[in-house]
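Please read the structure below before turning to the comments.
Values quoted throughout were computed directly from the atomic coordinates according to the rules given, and no laboratory measurement underlies them. Not measured: the values here are computed from a predicted model. When we count neighbours, we look across all protein chains shown, and the Cβ atoms used for this are built from the backbone with ideal geometry, even at glycine.
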Amino acid sequence: MPFLKDLISSLAMGIVQGASEFLPVSSSGHLAVIGRFFPRPGNDLFYIIVLHMGTVFAVLTVFGRDICETAFIKKDVRFFLNLFITTVVTVIPVLLFKDIIKNAFASLTMVGICLIATGVINLIAQTLIKKNTGSVRKPDSFDAFLIGVFQAFAALPGVSRSGSTIMSAMIRGTAPETAYRYSFFAAVPIIIGAFVLDLKGSSTQGAATLPFHLYAAGFLAAFASGYFALKLLKRTIMSQKYHIFGIYAVCAGIAVLFSEAFL
């Protein structure tokens, strides 16, 4: 039944997008892999935009109050200046090497290698969580620069944005919960930027072509899975069980490489 098949595909893509966007396991890598088994309904770029909207709403639901308090009550100008530094440092290399990044998405071998790298990053982060628990240090301008560099690498399929930014913040001694908070504040302009670029591409591609229920299913799945992923990640960090994501990413990367080599 095409209706049921497309609905399942839409829900699967939304769940994977939302959960892996925020858990340190790489959304781009998982979407590349799952696309082999659950092809995206149709060839509609607007569908990807809808998934991004779901993840943006998830971030704003979890962090919206915190963002407003930081901006309008605490008026933490330095914090937002650091976010600006992180964003600029991320965007420049991504734009300069966009063709290389685009080509990387065509190779599941690259995805597998990057997933293994993500696993290693997460295992390193686990040791830093134990070391930095109790720290009161907040990111400074150099931290913001370093986090931006690591976030730029996450443009590669299979490299986790959240894993890279949380680990890079903790390298400098930042407390785990502070690193988690900064990572997802830094995610907002990046996700919105991807949303705008996709929207621009959609305007040249043409109008939306899928039935409304597929957009709605994808949006709701991305929002719900993203919301619960954010809550789960914080709980995992605070309980010092972050290594679970490292083991998972390494195993996923090995599985991808094995499937490419032998299947």
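Between 0 and 90 degrees, the angle of helix 2-22 with respect to the longest Cα principal axis of the chain falls at about 10 degrees.
Counting 0.36 nm for each residue step from Phe80 to Phe3 and taking away their Cα separation leaves a gain of 23.2 nm.
Per-residue ellipticity at 222 nm from helix content only, as computed over the chain with -39500 (n - 2.57) for each DSSP H run of at least four residues, stands at -27000 deg cm²/dmol. With the contact rule set at Cα under 8 Å and sequence spacing of 6 or more, what percent relative contact order holds for segment 2-262? So the answer I get is 40 percent.
Between helix 161-171 and the chain there is an angle of about 10 degrees, using the helix long axis and the longest principal axis of the Cα atoms.
Within the straight-line cut-off of under 28 Å between alpha carbons, the lysines reachable from Lys234 are Lys74, Lys75, Lys130, Lys131, Lys138, sequence neighbours fewer than 8 places apart in one chain being disregarded. For the chain, the longest principal axis of the Cα atoms and the long axis of helix 176-205 meet at an angle of about 30 degrees. Restricting the calculation to alpha carbons of the chain gives Rg and Dmax of 18.0, 57 angstrom. Taking Cβ atoms as reference points and 13 Å as the exclusive limit, the residues near Gln240 contribute a net charge of +4, counting Lys and Arg as +1 and Asp and Glu as -1.
Packing, taken as the mean count of other beta carbons within 10 Å per residue, orders the peptides 66-75, 216-225, 89-98 from highest to lowest as 216-225, 89-98, 66-75.
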